[in-house]
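A short write-up of the structure that comes next.
Just so it is clear, none of the values below were taken in a lab; they were calculated from the coordinates. Predicted model only: the values in this text are computed from it and were never measured. Quick reminder, even Gly has a Cβ in these numbers, built from the backbone with ideal geometry, and neighbours come from all protein chains shown.
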Amino acid sequence: MRIHRSIIAALVVLAALTSQRGAVAQDSRVEQARAELRKGVALLNAGDTERALEFFLRSRAIFPAKGNTLDAAICLDRLGRYDEALELYEEVVANFGSELDAENRVTVPQSMAALRTRVGSVRVSANVDGTVVIDGRARGKLPVETALRVMPGRHQVRVIRDGYETFEKDVDVTVGATISVDARLEPLQASGGLRVEDAALPDADVLVDGVVLGPAPWEGRLTPGVHVVSTRKGDSGSAPTLATVLQGQTTLTRLASSPLGPVLRLTVTPRTADLALNGVPLGKGRWEGPLPAGKYRLDASEDGYLPQSITFRQAVDSAPTDAETTLSLQVDESSPRWPHRASSHFVVGALLGYGVGPSLGSDAESVCPGSCSSHGVANGFLFGARLGYELPLRLAAELTVGHASLSNTVSRSVAAGSLQDGTPVTYELHDLLRLNAYLLGAGASFWQPIGHGWRIRSRLTMGVLAAESTDVLTGRAAAGSQTVPLGIPGAGNTLTSFPLFVMPEVGVEVPLGALRLGLKLGALFVASDGPVYPFGPATVPPACSAQQPNQVGCARDSAVLENERAFRPFGLFLPQLTADYTL
């Protein structure tokens, strides 16, 4: 009897000690959770919602409570992650409802009611117990009594259980609707084995396809095929990697956990697009988690959109940041997914070009370089507006109006006869050539996507110029060492003509929403002759006498400048900046 009493007393003491140790451990966890909560509250008060959420979720992972759960729900609501916010609000009501104060008893139901108008639901049932995974995120173990909240759009629903074939189905969810999924899992008729080891962290949790299956080393039977595997424990873990399971064989995957960097937030628009990290699928729309140090490539893709990729480097010692890496996919307008986009639409645009070339094609320039002392470069600006009508086959019919202002200078020498004693008379001329033109053209363009929403566009525009040509012509007559000013009737007069032009171009365009900015390499070809300047006979001041017949003032009037054309067919190199807006 005494022995029995001693045993009973020892058991009572041991139970008391165990209870005391458990209370101490729980008190320690509560204090750790409170420390993380206080950090989150400070960040939230400072307006840093993203970072605050990170600390609230850390606090919940240590010890779920009313405070950290409610604060995390508020952050998710503010960040537009309405499905996750509603989940946590519901958990607050279910688990901590009695702890809510009078204000929260009013505000929490109001927030939940507002969120229900922004989300849909998926109700999952199955013939066996298993883990529900939606878009790569584990959402609980079956049976799940309540519907799972999701954002509107397409979602991938999977039910996973060791020894059974994974059930997978895509569902389209609309706001306010509940989609029911009845998963039928069949025992694996064909299976393979997978063993996961982590030499650096032997007891790390092993995640397969986003579900924790047990501590490392872990071994189990899976459906043959490719699976996503990683390990995680505390602040250490491995990057997601692919493991190929073969029927009837056991695949060994060795991982090496290392310190993890700050939490990364990777999102893609639209939220239904697939994300992959270094070729490893991460699910749809959004992924959040830490990664070991290294270089990574993030790929996003979805049918009907142009795929996009970025690379980034993760450092373990980098400071936490509230930045979110976001990829916005551009619609592939040629995809059959968008039949409504095949309809035609109008585009308005603007262009600014700089023309440069050897000449403006004038007769004054045609004597160069042989009889020129200097010859400038023809140059000037062209600006205009364009109205286009884009057709389904990447073709567009376009109307262009604009204005060009071009100029060039020439210094030249022209033989103009001789004096009585045979001394040659030369006109030393300076031409300031100006061509101002209003253009009206019609044309067509064709574009081809080259990735990330960028396009290559080629265009041909033809039309007519309303051109105004001017040659501000000055000069002097020279004979031997004598020079006198030269009079040129009609110099500086403006002539109007209507030559034809052709303007080809090719270049790239980058999207900014409905706006597209472009850089084009083009040319402007004037295809017809210009008018003849009305220059009269050139004259020198009358300073001539019978006693001095060899003075330059005795030079006779000359018609050598008559019939000079303002321009003949010429071309300019014309790089352009363009901006187009789709109506």
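Laid out as a table, the results:
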read-out: Built amide H within the under 5 Å cut-off of S328, gap 5+; value: T269
read-out: 3J(HN,Hα) from dihedral phi, the stretch 256-263, Karplus parametrisation 6.51/-1.76/1.60, rounded to Hz, x for glycine, proline; value: 10, 5, 8, x, 9, x, x, 5
read-out: Student exercise, the chain dipole from Lys, Arg, Asp, Glu Cβ charges, in Debye to nearest 20; value: 1320 debye
read-out: Sum of side-chain charges, G376 neighbourhood, beta-carbon under 13 Å (Lys, Arg +1; Asp, Glu -1); value: 0
read-out: Given K233/K295; K39/K169; K141/K284; K233/K284; K141/K295, the pairs whose alpha carbons are separated by over 29 Å; value: K39/K169; K141/K295
read-out: Positive minus negative residues near P64 (Lys, Arg vs Asp, Glu; Cβ under 14 Å); value: -1
read-out: Cα gyration tensor shape of the stretch 19-118, rounded if a/c is under 1.5, else prolate or oblate by comparing a/b with b/c; value: oblate
read-out: Computed over the stretch 193-322: relative contact order in percent, which uses C-alpha pairs under 8 Å that are six or more apart; value: 20 percent
read-out: The chain: Cys lacking any partner C-beta under 4.7 angstrom; value: C75
read-out: Debye intensity ratio I(q)/I(0), log10, the chain, q values 0.06, 0.10, 0.11 Å⁻¹ (C-alpha model); value: -0.57, -0.97, -1.09
read-out: Prolate/oblate/rounded label for the stretch 192-331 (Cα gyration tensor, a/c 1.5); value: oblate
read-out: Cα gyration tensor shape of the stretch 153-211, rounded if a/c is under 1.5, else prolate or oblate by comparing a/b with b/c; value: oblate
read-out: Where labels lie 7 Å past Cα in the beta-carbon direction, separation of S371 and D317 in nm; value: 7.7 nm
read-out: The chain, helix-only ellipticity at 222 nm - DSSP H runs n ≥ 4, -39,500 (n - 2.57), divided by all residues, nearest 500; value: -6000 deg cm²/dmol
read-out: The stretch 120-125 - phi-based ³J(HN,Hα) in whole Hz, Karplus 6.51/-1.76/1.60, Gly and Pro as x; value: x, 9, 10, 9, 10, 10
read-out: 5 angstrom amide H check on V150, placed H, neighbours 5+ away; value: G120, S121, V122
